[in-house]
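The values are calculated or read from the model by the stated rules, or taken from the named source; none is laboratory data. As the structure is a computational prediction, the values presented were derived from the model and not from experiment. All accessible areas refer to the heavy atoms of the entire protein, side chains included, with ligands and DNA or RNA removed. Shrake-Rupley method; radii C 1.70, N 1.55, O 1.52, S 1.80 Å.
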Amino acid sequence: MTTTTQSETTAPAITARRQYYRVKDAAAVLGVPVRTLYHLAETEQIPCRRLGTVILIPASWVDREPAQPRRR
């Protein structure tokens, strides 16, 4: 009888740091309405990148800004 042992190959956990947020995700993190971020991006009041119709907000800016309390 032959027993085979399954070798466990554990790859190091690689956690990629997010570089950009979509507007919806950034709004959830910051606690502001989505439309507010769209307006700020359209009027160039916040840093953003556009890829066609997609607006991306740098994670460094989102992480640096204080979160707003949720309003009802």
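Miscellaneous remarks
- Residue check, Glu42 open to solvent by 90 Å² or more (accessible area, probe 1.4 Å), on the phi < 0 side of the Ramachandran plot, at pLDDT below 80 and of a type in the set (Asp, Glu): no
- So Pro47, is it open to solvent by 70 Å² or more (accessible area, probe 1.4 Å) and either assigned to a strand (DSSP E or B) or not small (Gly, Ala, Ser) (or both): no
Each row is one residue, and each column tells you yes or no for (1) modelled with pLDDT of 95 or more; (2) at negative phi; (3) over 17 Å from the mean Cα position of the chain (by Cα).
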{"site": "Arg17", "(1), (2), (3)": "no, yes, no"}
{"site": "Leu30", "(1), (2), (3)": "no, yes, no"}
{"site": "Ile57", "(1), (2), (3)": "yes, yes, no"}
{"site": "Asp63", "(1), (2), (3)": "no, yes, no"}
{"site": "Pro66", "(1), (2), (3)": "no, yes, no"}
{"site": "Pro69", "(1), (2), (3)": "no, yes, yes"}
